[in-house]
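Below is one structure, written out as structure tokens; comments come after it.
The values are calculated or read from the model by the stated rules, or taken from the named source; none is laboratory data. Note that the structure is predicted; figures quoted are calculated from it, not measured. Here the Cβ is made from the backbone with ideal geometry for all residues, glycine too, and neighbour counts use every protein chain on show.
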Amino acid sequence: MTRLNGGLIDRSQTLSFSFDGKSYRGHPGDTLASALLANDQRLVGRSFKYHRPRGVISAGSEEPNALVELRNGARQEPNTRATVTELFEGLVANSQNHMGRLEFDLLAVNDWLAPFFAAGFYYKTFMWPKAFWEKLYEPAIRRAAGLGSLSLQPDPDAYDKGFLHCDLLVIGGGAAGLAAALTAARSGAQVILVDEDFRLGGRLLAESHALNDAPAVGWIAGVEAEFATLPNLRVMRRTTVFGAYDHGIFGAVERVSDHLATPGKRVRQTLWRITTKHSILAAGATERHIPFANNDRPGVMLAGAMRAYANRWAVSAAQRVAIFTNNNDGHRTACDLVAKGVDIAGVIDTRSDAKSLGAYPLYAGAVVSNSRGRLGLRKIEVTRNGQTQWLSCGALGVSGGWNPNVHLSSHHRGRPVWSEALQAFVPGIGGPPGLSVAGAALGQGSTQAALISGAEAARDALVDLGIPATLPVLPHAEDAPQTLQSYWHVPGKPRAWVDFQNDVTVKDITLAHQENMRPVEHLKRWTTLGMATDQGKTANVTALAVMAELTGKSIPETGTTMFRPPYTGVSLSVLGGGDSGEDFRPRRLTPTHDWAAAQGAVFVEAGPWMRAQYYPRAGETHWRQSVDREVLATRAGVGLCDVTTLGKVDVQGADAGEFLNRIYANGMKTLQVGRVRYGLMLREDGFAYDDGTCARLGEDHYVVTTTTAQAGAIYRHLEFARQCLWPELEVHLISTTDAWAQIAVAGPKSRALLEQVVDDFDLSNAGFPFMACAGLTVCNGLRARLFRISFSGELAYEIAVPARYGTALMARLVALGKDLGATPYGTEALGVLRIEKGHAAGNELNGQTTAQMLGMGRMVSTKKDSVGAVMSRREGLVGETRVLVGLQPLDPSLPVVAGAHLFAEGAAPKTETDQGWITSACFSPHVGSAIGLGFLADGAARIGEVVVAANPLERQSVKLRVVPPHFVDPEGGRLRV
Amino acid sequence: MSDLKPITALGGAVSRAQSFGALSIVENSGLALASLALRDGMTPPIPMGLTLPGPGGWTTGGDVAAFWTGPGQWMIEAEGKAEEDFAAALAAQVPGGFVTEQTDGWVAFEISSAAGEGPIRRLMEKVVNVDVAGFAPGCATRTGLEHMSVFLIRRAEDRLAIIGMRTLAASLWHALETAATRLQDHPAA
């Protein structure tokens, strides 16, 4: 155990966990990384490409190396960062990306083959033979690629989402964030403070510096105690703001129960959308390393992380440690480790004028030029003035300076700007509106400067919002200036890693430069730099500096790549929102849904609706048997179908008639009260939009029906026309689709059935003729609407009652109609009935067809203007010869398939000879064979001719006779009896 | 009175009601709804003694209440009058206005808290993107909830009504039940 004294872990409790099947112990407050280091487990994984042994590098969310498969079974999650995984009792973790044991990874052969695996290897190598790519190369590369593995089981946990609103969002709970939140919350503003860690404090927890001459945790505890008393402040720990979106909206993931073995009744994570008037980014900074030969061995870490492990987690990665630095921050680590009793092999400082700040050997003006140790660091090579010497050490802390975490301030195409003084990119202009930056994220590296900048940023933001705020009394803190020498990598022949996770070395960047992949966006894609799960947080700026050095340009001239969400990885489960299966999306149920289910109906999705597709009966073993029975029963007696799904729009107003006249292609103004008319709507471009009926219930009152599929679109279209095209018309629209349960009562005995439910109403042909409508009562006083319209071609009605009575009416009609053969039918039979009658539906109104093609060209009135009327007369549409025809196979045993294309007999089936297509098809029990509807060139003149339907997908070719589109009662006599 | 028996939007013979700790959700199947639109230039009426609210508002007067749905448009609510021809009664009060029967177009869930406004606030945070702090009693709005369009009415600090499309009642209940159950299991979550 390499535990030190102190730290913010609870030593009174012990937690057991396992890594690669071996048991270990840690304490509450540990992360998996700190607990592994405390158990002397430096080797935690293998690198992506070369399968090099890798260990923990950082102490935060920037970690590129320490990725594990966390948990097991269905909860196994690959690529989980050990550095931000809170330790819990029973935690199970496994290393990933190796074949065989972690210590003897067979794929480490890749490291020996490294000369062949330089950047661009795949692009150049797998060019030929071309045929090998799909069958051989790609599967092999895919097998070798990737890090962790998926469980391939459904995620057993629940995920949630939510919405928050505030005046000020503070992102980050370190020195600057705490000062900002304190300032804002005291003012009474609505404030949300978010931090990705499970404990507030940020770097304050990792440093030994005092605040007001006392440990920082004391000040943090006081602030947290005050926070708890402020109802206008919401503190969200374990929550990462991952993106800045439009209109002051930020995306955040709260890891509600990631720190527990199983969530129990809790959700696993919650996706929050936070809408804020102003935001402060106080996300701190990420330390950068200095590439040198073989700098990727387990034990080589960031010096700041090494300090964090010592101070917060009471852990040192080794008993004997060295530091490689170009600034005073490395010395700070050495001092803290010395104070904790760790042996310092030396501080190697690139600055020749560096001064020792404590009791440790100093190598000023020196660099670390190589390292040794197969599975973990054993020695480092120190070069000074051309002289080299090897130092023994088990860990090396590297400090190359700090990069402000500018990510969120660089969303919305914001570009960071280079600070020569800080030798780092700092937030620039053009980022998310209303976002200001404070603390180390702004380049304010000292604790004192961070505290002040956080408080001032909050005050300024509130002043902008008109909320008076005063600065709190802040504690005294260290305020050391930054002393950094620009030093980006140690030159040398062996590989020096820049991006640890994607195995990108200085050599790869040099090669990119040679191959002219010099712009940073090319560099990134060609070498895959910064494209791993860590998005190159510890690598990108260093890589830019190396490229700048090669090109002779400055770093700002070299530029940065684009910053995009997410800041850290977000699981697809939490983005998906949680519901799956039948709750995946809202489902609309018809008023008779439960009744139909009780009858054993099979349901089908129709857009958002669940509709009864057919009602199987005992003895029916195939759906066709049920559908044929329903169709024949309707044609012979009476069928009942819930048609509530058709859109119903209540249109009222003094100008309702004029409005509808402009909406429909055919005249609607002349419709008499108590009558229904079939109507066709066109789009602005002249193509057919939708069809349906329009009923006039009163002088100023109409009801428009639409197809089920287009109900929403047509309502939107009507509202657009009302509000934007003709605001001068007095028209009011209300969707009443849900309000009325509507049942189609179709068949020669439909009148006889309805006569049993209407209250004193004359249903005779004279009293209520075809295309009549009326308000009436049924079943002793229930308000209802009756329409004599037909989709089936039979004598038929549609009766509407308030939705809550739909089930009762349906059951009553079935019961009363028993002797008449009353049969409920579903959407399949509905489709057969309408195809037999030759009625157009969604398949024929698919946005590519015109009134003329549908055989309704003369419906487009020339006596008035309407939406699309003028465009329907344009040359391209008028010249269209394809029209709707019926199709019947010469051999009645052969199928007719919707989607098949039509060709003249003997013509080769290709685009040039295409003469149309089949839109709808079914088996017609009335005809005794399959039938179809389709659009055929010069179709009207080709009745009786034989054409060929080609269905290349199923290698079918069927001869069809062209017939009129009405297979049933072409004269329409049945409708009018 | 018809001899047909109605069912509620959730398909039951009686309204569904369920408690989730401090929160309870009740399907209000007795609520009658009718929309009212004014003719051009018409002076806003005071139907059934009700002062019609402005944008984003809801007013109540005894058993009837109204919320704003658009310029010159309101939805009028009448408690316990679903079985009456409320639209006709309203039309009689507003000669010349355009009234549409809407009772069966919607499902109304009345949500109440036995522990003050906290549970209402937390439920709203989980289901609707509405600034709870600015949604005081007397506010009404239309918004999305799990991809469904709903009306929200803050009837009191501790009472919220969610009115959604009737055919989506089961999906809306599922969404509210899921959120309320999670709040019951972890009130502070």
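Evaluated against (1) more than 12 Å from the chain's Cα centre (by Cα); (2) more than 11 Å from chain A (Cβ to nearest Cβ); (3) under 22 Å from A:ILE274 (Cβ atoms), B:LEU176 falls short on exactly one condition, (3).
Every residue, every condition in (1) in a helix (DSSP H, G or I); (2) buried (at least 20 other Cβ atoms within 10 Å of the Cβ); (3) not aromatic (Phe, Trp, Tyr), yes or no:
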position: B:ILE111; (1), (2), (3): no, yes, yes
position: B:ASN129; (1), (2), (3): no, no, yes
position: B:VAL150; (1), (2), (3): no, yes, yes
position: B:ILE153; (1), (2), (3): no, yes, yes
position: B:ALA175; (1), (2), (3): yes, yes, yes
position: B:GLN184; (1), (2), (3): yes, no, yes
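Picking from residues in region B:131-140 that are in contact with a strand residue (DSSP E or B) (Cβ under 6 Å, 6 or more places away or on another chain) and within 13 Å of another protein chain (Cβ to nearest Cβ), the one that is nearest to B:SER113 (Cα to Cα) is B:PHE135. Within region B:58-102, the only residue that satisfies the criterion of being at the interface with another protein chain (Cβ under 10 Å from one of its Cβ atoms), touching an Asp or Glu at 6+ places or on another chain (Cβ under 7 Å) and part of a strand (DSSP E or B) is B:THR100. Checking each residue in region B:150-173 for being among the small types (Gly, Ala, Ser) and either under 29 Å from A:SER257 (Cβ atoms) or within 13 Å of chain A (Cβ to nearest Cβ) (or both) picks out B:GLY164, B:ALA169, B:ALA170, B:SER171.
The rows are residues; the columns are (1) surrounded by 18 or more Cβ atoms within 10 Å (Cβ to Cβ); (2) closer than 18 Å to A:ARG52 by Cα; (3) touching a Phe, Trp or Tyr at 6+ places or on another chain (Cβ under 7 Å).
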{"site": "A:THR83", "(1), (2), (3)": "yes, no, no"}
{"site": "A:ARG101", "(1), (2), (3)": "no, yes, no"}
{"site": "A:GLY120", "(1), (2), (3)": "no, no, yes"}
{"site": "A:ALA140", "(1), (2), (3)": "no, no, no"}
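When only residues in region A:525-580 that are over 22 Å from A:GLY414 (Cα atoms), of a type in the set (Gly, Ala, Ser) and surrounded by fewer than 16 Cβ atoms within 10 Å (Cβ to Cβ) count, which is modelled with the highest pLDDT? Among residues in region A:525-580 that are over 22 Å from A:GLY414 (Cα atoms), of a type in the set (Gly, Ala, Ser) and surrounded by fewer than 16 Cβ atoms within 10 Å (Cβ to Cβ), the one modelled with the highest pLDDT is A:GLY552.
Considering only region A:825-874, how many residues are within 30 Å of A:VAL602 (Cβ to Cβ), touching a Gly at 6+ places or on another chain (Cβ under 6 Å) and not in a loop (DSSP other than H, G, I, E, B)? Talk me through it step by step, then tell me what you get.
Initial filter on region A:825-874 (within 30 Å of A:VAL602 (Cβ to Cβ)): A:825-847.
Keeping just the survivors that are touching a Gly at 6+ places or on another chain (Cβ under 6 Å) gives A:825, A:837.
When the remaining residues are screened for being not in a loop (DSSP other than H, G, I, E, B), the result is A:837.
Residues in region A:825-874 being within 30 Å of A:VAL602 (Cβ to Cβ), touching a Gly at 6+ places or on another chain (Cβ under 6 Å) and not in a loop (DSSP other than H, G, I, E, B): 1 in total.
Residues in region A:754-769 that are in contact with a Ser or Thr (Cβ under 9 Å, 6 or more places away or on another chain), away from chain B (no Cβ under 12 Å) and either among the basic types (Lys, Arg) or surrounded by fewer than 16 Cβ atoms within 10 Å (Cβ to Cβ) (or both): A:ASP760 alone. Checked against (1) under 26 Å from A:ARG266 (Cβ atoms); (2) within 13 Å of another protein chain (Cβ to nearest Cβ); (3) of a type in the set (D, E, K, R); (4) touching a strand residue (DSSP E or B) at 6+ places or on another chain (Cβ under 9 Å), B:GLU146 passes all but a single condition, namely (4). Tallying residues that are assigned to a loop (DSSP other than H, G, I, E, B), among the polar types (S, T, N, Q) and buried (at least 19 other Cβ atoms within 10 Å of the Cβ) within region A:330-366 yields 1. Filtering A:ASP594, A:ASP508 for residues that are buried (at least 20 other Cβ atoms within 10 Å of the Cβ), in contact with a Ser or Thr (Cβ under 9 Å, 6 or more places away or on another chain), of a type outside the set (Val, Ile, Thr) and more than 30 Å from A:GLN269 (Cα to Cα) leaves a single hit, A:ASP508.
Restricting to region A:600-652, and then to whatever is aromatic (Phe, Trp, Tyr) and not in a loop (DSSP other than H, G, I, E, B), can you tell me which residue is surrounded by the fewest Cβ atoms within 10 Å (Cβ to Cβ)?
Let us first name the residues in region A:600-652 that are aromatic (Phe, Trp, Tyr), namely A:603, A:609, A:614-615, A:623.
Next, only the ones that are not in a loop (DSSP other than H, G, I, E, B) stay: A:603, A:609, A:614, A:623.
Details: A:PHE603: 19, A:TRP609: 20, A:TYR614: 26, A:TRP623: 14.
So the residue we want is A:TRP623.
Annotation: of all residues in region A:729-747 being more than 7 Å from chain B (Cβ to nearest Cβ), in a loop (DSSP other than H, G, I, E, B) and over 35 Å from the mean Cα position of the chain (by Cα), the one that is farthest from B:LEU4 (Cα to Cα) is A:LEU729. Scan region A:875-931 for residues that are of a type in the set (S, T, N, Q) and assigned to a strand (DSSP E or B) and the total you get is 5. In region A:264-329, counting only strands (runs of 3 or more DSSP E) that sit wholly within it, the ones holding 2 or more residues that are at pLDDT 95 or above and closer than 30 Å to B:THR181 by Cα span A:269-281.
Going through region A:653-677 one residue at a time, which ones are touching a residue at least 60 places away in the same chain (Cβ under 8 Å) and either hydrophobic (A, V, I, L, M, F, W, C) or part of a strand (DSSP E or B) (or both)? Listed by number, the residues that qualify are A:ALA654, A:ALA656, A:PHE659, A:ILE663, A:TYR664, A:ALA665, A:ARG675, A:VAL676, A:ARG677. Does region A:15-22 contain at least one residue that is in contact with a helix residue (DSSP H, G or I) (Cβ under 7 Å, 6 or more places away or on another chain) and assigned by the TED database to the domain that holds A:ARG101? Scanning region A:15-22 turns up at least one residue that is in contact with a helix residue (DSSP H, G or I) (Cβ under 7 Å, 6 or more places away or on another chain) and assigned by the TED database to the domain that holds A:ARG101. Would you check if A:GLY639 is within 30 Å of A:VAL426 (Cβ to Cβ) and away from chain B (no Cβ under 14 Å)? Answer is no for this residue.
In region A:803-826, the residues that are within 12 Å of chain B (Cβ to nearest Cβ) reach residues that are of a type in the set (Lys, Arg) and part of a helix (DSSP H, G or I) with C-beta atoms within less than 8 angstrom, at least six apart or across chains, in these pairs: A:ALA803/B:ARG166. For region A:53-72, state whether one or more residues are within 14 Å of A:LEU375 (Cβ to Cβ) and either surrounded by fewer than 19 Cβ atoms within 10 Å (Cβ to Cβ) or of a type in the set (S, T, N, Q) (or both). Yes. Among the residues that make up region A:783-801, is at least one of them without any contact (Cβ under 8 Å) to a residue 24 or more places away in the chain, over 17 Å from A:ARG751 (Cα atoms) and within 8 Å of another protein chain (Cβ to nearest Cβ)? Yes; the residues of region A:783-801 include at least one that is without any contact (Cβ under 8 Å) to a residue 24 or more places away in the chain, over 17 Å from A:ARG751 (Cα atoms) and within 8 Å of another protein chain (Cβ to nearest Cβ). Taking the criterion of being part of a strand (DSSP E or B) and over 22 Å from A:CYS393 (Cβ atoms), the only residue of region A:42-66 that qualifies is A:ARG46.
Let's see how each residue does on (1) modelled with pLDDT under 95; (2) on the phi < 0 side of the Ramachandran plot; (3) buried (at least 19 other Cβ atoms within 10 Å of the Cβ):
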position	(1), (2), (3)
A:VAL878	yes, yes, no
A:ALA921	no, yes, yes
A:VAL927	no, yes, no
A:ASP938	no, no, no
A:ARG955	yes, no, no
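If you go through region B:102-132 and keep only what is over 19 Å from B:LEU168 (Cα atoms) and of a type in the set (Asp, Glu), you end up with B:GLU117, B:GLU125, B:ASP131.
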